[in-house]
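Worksheet: one structure, shown below.
Just so you know, all these numbers are worked out from the coordinates, no wet-lab data involved. Only a predicted model underlies this, so the values are computations on that prediction, with no experimental measurement involved. Reconstructed Cβ throughout: ideal geometry from the backbone, glycine too, with neighbour counts over all protein chains shown.
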Amino acid sequence: MSQTVEHFNYLHHIPELGFEEFKTSAYIADKLEAAGFQVTRNINGTTGIVAVLESGRPGPVLALRADMDALGHIIDGQHVARHTCGHDGHSSVVLTTAQEILAEGGIKQGRLKILFQPAEELGTGAIAMTEGGAIDDVDMLLGFHLRPLEECPMGQAVPAMYYSASATVEAIFHGKAAHGARPHLGVNALDAGAHAVQAVNGIHLSPSLTWSAKATRFLCDAGVTNSIPSEATVVWDLRSAENEGMTELKARVLRAIESSAQAYGASVDIRILKEMPAAIIDEDATGVIASAIREVLGDAGLTEPKSTPGSEDFFHYLRLRPQIKGGFWGLGANLTPGLHHPEMHFDRDALALGVKVFKSCVRRVLG
Ligand SMILES: [Zn+2]
Ligand SMILES: [Zn+2]
């Protein structure tokens with residue numbers, strides 16, 4: 001069994017949720033230390049890890065990033081953590097890349113940094129790593145994600161994944177309770193929330209933009225059905241292919257929510273629960289990745305860059321440190337039925353290809 005699959009088999013069976021990747025990060029940090037990296041654990045008080053390999057010679061600072069967290073699912077009525085986004089695969093690939101680079105003689109110039117971040121799914125892991133100083137010296141940052149089968153099959157890889165911006169907006173409407181026989185004495189929070197759902201559905205951005213806004217949760221229950229409910233919670237999921245579109249969309253959604261509350265005499269508390277920026281991808285970084293993919297998978301293995309309505313917290317690194325050249329690629333692995341599906345599975349032979357592509361990227365930048 002290859003080292004990568006060995007790592008995968010271990011990590012796959014200890015899935016841990018965001019910021020709780022204790023066993024996962026201990027396993028990875030121990031392996032990196034044993035390989036000879038300078039390892040810093042608990043970046044910014046989290047489970048995040050930075051491992052550094054110095055060449056002793058001047059040159060660029062290249063960082064590879066992996067995510068470590070699993071997702072929370074409800075399966076047979078039980079809350080369970082499960083690796084359904086393949087972050088166990090990402091960690092296995094980046095860990096093996098790091099080990100093999102050192103075993104094969106290290107790097108000829110500059111510095112190699114290996115980042116293992118917590119909490120990608122929560123959208124805050126990359127922010128915690130950046131605020132902990134993990135990438136202050138980095139010139140180029142590369143990340144990757146396994147792709148669903150319909151987007152990219154085994155044997156192919158995508159040199160640049162153009163992820164969308166996303167935002168999760170929660171609004172809690174506060175009305176006034178009253179007996180159902182005397183609705184005129186109350187303020188029905190359900191009405192305000194329902195109005196807001198329709199108001200958001202009535203938003204029109206320019207048809208030339210790619211975007212989406214829809215309510216995904218509506219909670220309202222006064223406990224009895226003959227009472228006017230005083231509170232309603234509505235959550236919306238917003239998507240936009242461009243960061244500018246998201247700025248406008250968010251402003252319109254907030255206005256729709258506030259004016260709906262006002263129309264019914266309710267008040268409203270609005271919170272952005274989660275937010276990820278759209279991809280900011282550098283051409284030089286994509287060039288390095290594309291050459292590496294071609295070397296490992298041949299011309300037929302290199303696809304065109306692709307856009308996805310999905311989001312990645314990787315792009316917080318580049319939002320917060322725009323001087324860094326960022327590249328993000330996608331690896332085909334015959335992944336079905338889909339990311340975040342409780343039964344998600346993929347061809348584990350793809351992991352070895354991921355290691356080869358990343359090693360080729362490192363050799364191209366650091367020798
Ligand atoms: Zn995910
Ligand atoms: Zn993921």
By how many degrees, between 0 and 90 and to the nearest 10, does the Cα long axis of helix 87-103 differ from the longest principal axis of the chain? 20 degrees
Residues whose built amide H sits under 5 Å from the amide H of residue 48, excluding neighbours closer than 5 in sequence, are 42, 43
Which trypsin sites (Lys or Arg not before Pro) from the stretch 96-202 combine a DSSP loop assignment with at most 14 other Cβ atoms within 10 Å? 108
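Mind ordering 65-77, 338-350 by average Cβ neighbours within 10 Å, highest first?
Packing proxy ranking, top to bottom: 65-77, 338-350.
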Per-residue ellipticity at 222 nm for the chain, helices alone: DSSP H runs ≥ 4 residues times -39500 (n - 2.57), over residue total, nearest 500 deg cm²/dmol? -10500 deg cm²/dmol
Principal-axis tilt of helix 189-201 within the chain, Cα atoms, nearest 10 degrees: 50 degrees
Relative packing of 114-123, 250-259, 306-315, which averages over residues the other C-beta atoms within 10 Å, highest first: 114-123, 306-315, 250-259
Among 116, 28, 206, the residue whose Cα sits farthest towards the positive end of the charge dipole of the chain, when +1 is placed on the Cβ of each Lys and Arg and -1 on the Cβ of each Asp and Glu, is 206
If neighbour count is taken as other Cβ atoms inside 10 Å, put 4, 336, 216 in order from fewest to most. 216, 336, 4
Residue among 296, 80, 52 with the largest mean-square fluctuation in a Gaussian network model of the chain, springs linking Cα atoms under 10 Å: 80
Neighbour-count ranking [beta-carbon atoms within 10 angstrom, fewest first] of 22, 358: 22, 358
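What is the magnitude of the charge dipole of the chain about its Cα centre, with +1 placed on the Cβ of each Lys and Arg, -1 on the Cβ of each Asp and Glu, and no other charges, expressed in debye to the nearest 20?
Dipole size: approximately 380 debye.
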Per DSSP, the loop-located GluC sites (Glu not before Pro) within the stretch 150-239 having at most 11 other beta carbons within 10 Å are 150
Note to self: C-alpha centroids of the stretch 214-240 and the stretch 1-40 sit apart, in Å, by 41 Å
Between the Cα axis of helix 283-297 and the main Cα principal axis of the chain, the angle (0 to 90°, nearest 10) is 60 degrees
So in the chain, what percent of DSSP beta bridges are antiparallel if you round to the nearest 5? 65 percent
Can you list the HN-Hα couplings for the stretch 127-132, worked out from phi with the Karplus curve (6.51, -1.76, 1.60; θ = phi - 60°), rounded to whole Hz and with x for Gly and Pro? 5, 4, 5, 5, 5, x
From the residues 308, 259, 293, which one has its Cα farthest along the dipole of the stretch 194-337 in the positive direction, the dipole being from +1 and -1 charges on Cβ of Lys/Arg and Asp/Glu about the Cα centre? 259
Net charge of Cβ neighbours under 12 Å - reference residue 295; Lys, Arg +1; Asp, Glu -1: +4
Sequence of 237, 30 once ranked by neighbouring C-beta atoms within 10 Å, starting from the fewest: 30, 237
Can you tell me the relative contact order of the stretch 165-276? Whole percent, Cα pairs under 8 Å, sequence separation 6 or more. 45 percent
Quick check: residue separation of residue 149 and residue 216 times 0.36 nm, minus the Cα distance between them. What number comes out in nm? 21.5 nm
Give the relative contact order (percent, whole number) for the chain; include only Cα pairs under 8 Å separated by 6+ residues. 23 percent
